[in-house]
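Laboratory data are not the source of any read-out in this text; all were calculated from the coordinates shown. All figures in this text were calculated on a predicted structure; none of them were measured in a lab. In this analysis, Cβ positions are derived from the backbone assuming ideal geometry, glycine residues included, and neighbour counts consider all displayed protein chains.
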Amino acid sequence: AQTVTQSQPEMSVQEAETVTLSCTYDTSENNYYLFWYKQPPSRQMILVIRQEAYKQQNATENRFSVNFQKAAKSFSLKISDSQLGDTAMYFCAFMTPNTGNQFYFGTGTSLTVIP
Amino acid sequence: GAGVSQSPSNKVTEKGKDVELRCDPISGHTALYWYRQRLGQGLEFLIYFQGNSAPDKSGLPSDRFSAERTGESVSTLTIQRTQQEDSAVYLCASSYLFEHNEQFFGPGTRLTVL
């Protein structure tokens, strides 16, 4: 079975500071993909960043970067220079082709950026 | 360049009634997913379509839930004899065939069962 755990239900960060959201997952698969999605109050889910498990290099998208530790099954998201628009729920997700392309989501972390 | 759309955006119904939720994926996306999101919780996978067929229906909570997709386009999620525990936001997402492509989500349908 595949599981995704986000142990921080709520976090806050001062504007312009850096924050790290944690995510761990459990799987016996070797071929998989990891994602961070953002869900603002508008409810629209938006992909933030994606990591292929076979890539050792950590993915980076502008102010967003991940720390992917495959052996530890850890996939944390770092947001640098936090902006007010970063306030949202953040979901970590896992997908492996070996389970029919099903995505598994964590329970989410609510991030508030404080002006 | 329309994204994924869902209708209705909000639905209030009485316990025991049937409801139909619609999803219009992005044109050309072969994969379509349905999720349920209860208040304050994460996404619960319901069903996944590859083209018009659903290889995995294991996520459907009960036999009151069914879904279909036609023309590799529109999908309908039907909930029969709704119960109060069915109250949630139902999200639809679509993607291209290859698994590493991102899912594009619709805005969801908020279902309230009184």
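The table that follows gives values for the structure above.
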| read-out | value |
| --- | --- |
| Filtered GluC sites (Glu not before Pro), region B:1-61: DSSP coil and at most 12 other beta carbons within 10 Å | B:Glu14 |
| DSSP bridge pairs, chain B: antiparallel proportion in percent, nearest 5 | 90 percent |
| The protein assembly as shown: antiparallel DSSP beta bridges as a percent of all, rounded to 5 | 90 percent |
| A:Glu10-A:Glu52 pseudo-label distance in nm [points 7 Å out on the Cα-to-Cβ vector] | 4.0 nm |
| Separation in nanometres of the label points that stand 7 Å from Cα toward Cβ, at B:Ser73 and B:Asn10 | 3.0 nm |
| Spatially near lysine pairs across the protein assembly as shown, Cα under 25 Å, sequence gap of 8 or more or different chains | 12 |
| Expected-Rg normalisation [2.2 N^0.38 Å, Cα atoms] applied to the protein assembly as shown | 1.01 |
| Region A:1-95: trypsin sites (Lys or Arg not before Pro) falling in loop per DSSP and having at most 14 other Cβ within 10 Å | A:Lys55, A:Arg63 |
| For region B:8-92, convex hull of alpha carbons as volume per residue, Å³ | 92 Å³ |
| Rg to Rh quotient for chain A, alpha carbon positions, Kirkwood Rh | 0.96 |
| Mean Cα-pair separation over length for chain A, i.e. relative contact order, pairs under 8 Å, 6 or more apart, % | 37 percent |
